[in-house]
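Right, one structure below, let's go through it.
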There are 2 protein chains.
Amino acid sequence: MFELLKTDPSSKARVGRLTTAHGVVDTPVFMSVGTQGSVKALDPRELRELGTQIILGNTYHLHIRPGMEIIRAAGGLHQFINWPDPILTDSGGFQVFSLATIRKIQAHGVEFRSHLDGSLLFLGPKEAMGIQRELGSDIAMVFDDCPPHTSTPREMRAAVERTMRWARECREQPRAPGQMVFGIIQGGIDATLREECAKALVALEFDGYAIGGVSVGEPEPEMMRAVEITEPFMPAKQPRYAMGLGTPAQLVELVARGVDMFDCVLPTRVARNGTRKGSISIKAGAFKADFRPIEESCDCFACRNFTRAYLRHLLNVGEILGLRMLSVHNTRMFVKVMEEVRAAILNGTFAEYRRDFAANYVPTQKVLLARAAAADR
Amino acid sequence: MFELLKTDPSSKARVGRLTTAHGVVDTPVFMSVGTQGSVKALDPRELRELGTQIILGNTYHLHIRPGMEIIRAAGGLHQFINWPDPILTDSGGFQVFSLATIRKIQAHGVEFRSHLDGSLLFLGPKEAMGIQRELGSDIAMVFDDCPPHTSTPREMRAAVERTMRWARECREQPRAPGQMVFGIIQGGIDATLREECAKALVALEFDGYAIGGVSVGEPEPEMMRAVEITEPFMPAKQPRYAMGLGTPAQLVELVARGVDMFDCVLPTRVARNGTRKGSISIKAGAFKADFRPIEESCDCFACRNFTRAYLRHLLNVGEILGLRMLSVHNTRMFVKVMEEVRAAILNGTFAEYRRDFAANYVPTQKVLLARAAAADR
């Protein structure tokens, strides 16, 4: 199901092709996040025009609303949201541990209260896999314990042990026809735990492996380290997915570290505009009479049709079209970077591409501040 | 500039063709409202796909935000918002009298406070025409005094006299190249006032005439009466525009009374769905597992792609795509009714079309209640 087409000699970067029940995904790939069954503000046609190959859905959110009864009646998630292309579903583990109020962690799952109305719910390996089977996603994720990056070594070990045990339970569950299941490796920045977790999961023979417990508030160097200590234990012939990451510059660096798949809410969550020259706040007064597109070289619908001045006006007066166009541009930027990365690896120019990208990319103020803070420690 | 192509023998309905500086508009026409330089939630491509021929902009709102300096620098409103097709701009009179806090009505305009930040502004015939000249709209509207429908006869007369005087002042202002100017007839449901106002404006030789002072909270019979008593004094060879109206059923009836142009915020303001069988609240629980499109016979993007159940879910969880698709469907419905009306008039079947439309159309609960209340009086 996963074909490795080319490996970069200068790094661990690779180009692959993942064949799913609903189509082929070229990797490295950026997956758009459609948590509640909609990639924020975008419609399926726009997503396709932006080069989106695969989107994410979320077990926790879809289970709560609209509920499985409705998605089952619709004939599955692809049908319900009218996205006939590949879908990956997250298991809900991350949401249970971050959004919900946990009542009790039990042997076979978690009893928690819905973040929405406080109703008592239970999600474990069996439930999460059952929901994903009914959603009919092309790739289902195991139900894991995703601890905060501030966990004590003891807590981290407990989470890893639970993750390994639950992964085994997930592995035994029935699947939708053609559905792949990916294991999730936890362990924070503890190399021993990451290795142990990875080996246990690989022994279970999943269709792919994800690095979890990143993008949970840790500083960038810790995130990179978590990937670096985990990657050597992930089978080279299977797809590798770093969950919830990151900025375009981080994505390029993670590709160089051997990661194939990414998802991130950045492009559709924030009302900021990514450009290679740094993120700009389009609402800033400096753009009020700036009649250039968000990014000169961008081929997206927003950049082909609208100026910064107009988009700034739309955001200022609260017009939805403004938010829509930011989502369009930002998503296109992430997708296009992955297209360029694939081309560079295939052409044998990835080392150059990576160097140029890092040299020209201006990170956001937030990333710069975080880096400065980390350097001060 | 206005060519009358066919007149219906059974009513006052007519088909015409209005040639503007930015293209031809087939009438009767429904114009989408883009008050702040954006038709709510829709992009120009979608508008074109929906059959939109002409959109509205608003002098008052655009003058406040983003301000004329920016639109001037952009090269006019068409350029600023990237809508190369016809635009009609309202003069701001309606907004000054309904939205703003009026400080003083003076001889040559109104001193008022912005509804946004309370800043003191002045708008009169000269200012409104100057702004519309800079906006570069294809059709500019005169600056009028639009009184509430509850005005006393004395207030109504004062408003009509002011409207006539200001219309003369507007007529004398320079225009953008190729820009048409329409007069606005006021007078409430006073036949004498309407006649007097219409005759005074027609003497000034505008490019078209509008019926103002409708859609200001009056019951439907009063609105119909205002149109009926005004229309006979509007030149048959020029376009006639009923401002701010109405429901699809009202539009068909107003076409039968000789009106050519309409604008209404209904399709993009309300999160309700128009169908020929009545407006449905898509958020209702009844639709949670309804996998039909909003309207079976509709050819819009929303109806071709999504089910009621999915749109209900999107609205329930607050996803923008839900609002977008309601705007798409509702706008298409209004535009399509006008397409059908034009075809029926040209085919000589308008009497039948009108009868069938009224027989099959189920008005909203709100309209039904208002009718019952009016009947009780």
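The values are calculated or read from the model by the stated rules, or taken from the named source; none is laboratory data. Quantities reported herein were computed from a predicted structural model and do not represent experimental measurements. Here the Cβ is made from the backbone with ideal geometry for all residues, glycine too, and neighbour counts use every protein chain on show. Areas reflect the complete protein model, heavy atoms only, side chains present, ligands, DNA and RNA absent. Shrake-Rupley method; radii C 1.70, N 1.55, O 1.52, S 1.80 Å.
Some points to look at:
- Going through (1) under 16 Å from B:Glu319 (Cα atoms); (2) hydrophobic (A, V, I, L, M, F, W, C); (3) at the interface with chain B (Cβ under 10 Å from one of its Cβ atoms) one by one, A:Leu47 falls short only on (3).
- Matching residues, segment B:115-168, being free of Cβ contacts under 8 Å to residues at least 24 places away in the same chain and of a type in the set (A, V, I, L, M, F, W, C): B:Leu120, B:Phe122, B:Ala158
- Residue in segment A:229-249 that is in contact (Cβ under 8 Å) with a residue 60 or more places away in the chain, more than 13 Å from chain B (Cβ to nearest Cβ), touching a Leu at 6+ places or on another chain (Cβ under 9 Å) and of a type in the set (A, V, I, L, M) present: yes
- Some residue of segment A:97-113 being within 23 Å of the chain's Cα centre (by Cα), away from chain B (no Cβ under 14 Å), at pLDDT below 95 and outside any loop (DSSP other than H, G, I, E, B): yes
- Helices (runs of 4 or more DSSP H) wholly inside segment A:281-352 containing at least 2 residues that are hydroxyl-bearing (Ser, Thr, Tyr): A:320-347
- Extreme residue, farthest from A:Leu311 (Cα to Cα), among residues of segment B:70-82 that are in contact with a helix residue (DSSP H, G or I) (Cβ under 7 Å, 6 or more places away or on another chain) and facing another protein chain (nearest Cβ under 10 Å): B:Arg72
- Condition check for A:Val252: of a type in the set (A, V, I, L, M) and under 15 Å from the mean Cα position of the chain (by Cα): yes
- Contact map, segment B:271-292: residues that are under 14 Å from B:Asn316 (Cβ atoms) paired with residues that are at pLDDT below 80, Cβ distance under 7 Å, separation 6+ or inter-chain. Pairs shown: B:Ser281/B:Arg272; B:Ile282/B:Asn273.
- Among the residues making up segment A:340-373, a single one is within 22 Å of A:Glu220 (Cβ to Cβ), of a type in the set (A, V, I, L, M, F, W, C), modelled with pLDDT of 95 or more and open to solvent by 40 Å² or more (accessible area, probe 1.4 Å): A:Ala351.
- Filter result (crowded, with 18+ Cβ neighbours inside 10 Å, touching a residue at least 60 places away in the same chain (Cβ under 8 Å) and over 12 Å from A:Ala210 (Cα atoms)) within segment A:177-190: A:Gln179, A:Met180
- Number of the condition not met by A:Thr89 [criteria: (1) among the hydroxyl-bearing types (Ser, Thr, Tyr); (2) open to solvent by 10 Å² or more (accessible area, probe 1.4 Å); (3) outside any loop (DSSP other than H, G, I, E, B)]: (2)
- Residues within segment A:256-280 that are assigned to a loop (DSSP other than H, G, I, E, B) and modelled with pLDDT of 85 or more, tallied: 6
- Failed condition for A:Leu315, given (1) within 10 Å of another protein chain (Cβ to nearest Cβ); (2) of a type in the set (A, V, I, L, M); (3) open to solvent by less than 40 Å² (accessible area, probe 1.4 Å): (1)
- Residue match in segment A:189-202 (condition: farther than 21 Å from A:Pro221 by Cα and out of contact with any helix residue (DSSP H, G or I) (no Cβ under 8 Å at 6 or more places or on another chain)): no
- Single residue of segment A:208-249 satisfying the filter (farther than 22 Å from A:Ser32 by Cα and of a type in the set (Gly, Ala, Ser)) that is farthest from the chain's Cα centre (by Cα): A:Ala236
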